[in-house]
Amino acid sequence: MAEFIEPEMVNIIHQKTQKSMTISMLHLPKGKFMFGEGSSAREVTIDYEFEIGKFPVTIKEYMTFVEDTNSHVPEWLEEDSDYNINTGTDDHYQNINQDKKAPIVGISWYDAVAFCEWLSKKSGQNYRLPTEKEWEYACRAGTKTKWSFGDDEEELSKYAWYNENSYGQAHIVGEKEPNLWGLCDMHGNVWEWCEDWYDEEEKHKVLRGGSWMYNANGSRSASRNWDYPTGRDNDVGFRLLRTLP
């Protein structure tokens, strides 16, 4: 089984406040894996190395981008919005975890892409969303089972926040056990935007990983979901990928 390379810390300086933001990335090797499950599973080769975020992007990290660009405000903080957690009339976000170490939610696919573009410009590196093949390769970490730890659902609570243990909200990243390659929150906590279109008509974008709101089945390594690229929800965030030279 392939082994990951030790995390690389990426330090970004906030232009306006000069505050630093550190993101932990894991460097993954080339390899082959079984993409999907059941009769539709097929072998896929990842013939390049890449880096992927150890955790989903957090509120602190995302809000550094918002403050620096004065744009792409998450839905629950938009002024004059029915969804605003302080002034809104819709309670869709009233129970979200606002801890700065919790994953960002309430952002569209376009918002996530804009964050990647901003970070690329700041760092001089190439950041983007993972494809779903890259995402599943990272999630499986060399395994072929339902989850990266095996097939026993009784073990899921050690690795994931999902509807049986989340108490109705996302949780601080990294509180559960990582997979074999050191990646945290690949199962549950928040759905993660991927680069791909879900359908041939190119109307929906792929979501992976399950969330605090979904059941155990939704957090499987091969589980797929979708949303409109403009969609924003209280259990959808994203994870960074960095393309290597």
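Bear in mind that the values in this text are calculations on the coordinates, not laboratory data. This is a predicted model, so every value here is computed, not measured. Cβ placement follows ideal geometry from the backbone for every residue including glycine, while neighbour counts extend to all protein chains displayed.
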All other residues with a Cβ under 13 Å from the Cβ of ASP47 taken together, and with Lys, Arg as +1 and Asp, Glu as -1, what is their net charge?
-> 0
About the Cα centre of the chain, how large is the charge dipole given +1 on each Lys and Arg Cβ and -1 on each Asp and Glu Cβ? Please answer in debye to the nearest 20.
-> 800 debye
What's the center-to-center distance, using Cα atoms, between segment 145-199 and segment 62-103 in Å?
-> 23 Å
Of GLU200, GLU134, GLU61, the one that fluctuates the most in a GNM where the chain has Cα springs shorter than 10 Å = GLU200
Restrict the search to segment 191-240; then list the trypsin sites (Lys or Arg not before Pro) that DSSP places in a loop and that have at most 12 other Cβ atoms within 10 Å of their Cβ.
-> LYS203
The ³J(HN,Hα) series, computed from each phi in segment 131-136 with the Karplus coefficients 6.51, -1.76 and 1.60 at θ = phi - 60°, rounded to the nearest Hz and given as x for glycine or proline, is 5, 6, 5, 4, 4, 5
Cα-centred dipole magnitude for segment 130-245, charges only on beta-carbon of K, R (+1) and D, E (-1), debye, nearest 20 | 280 debye
Work out how much length THR230 to ASN70 would gain on full extension: take 0.36 nm times their residue separation and subtract the Cα-Cα distance, in nm to one decimal.
-> 55.7 nm
Given R₀ = 35 Å, FRET efficiency for SER120-SER40 by Cβ-Cβ distance, to 0.05?
-> 0.55
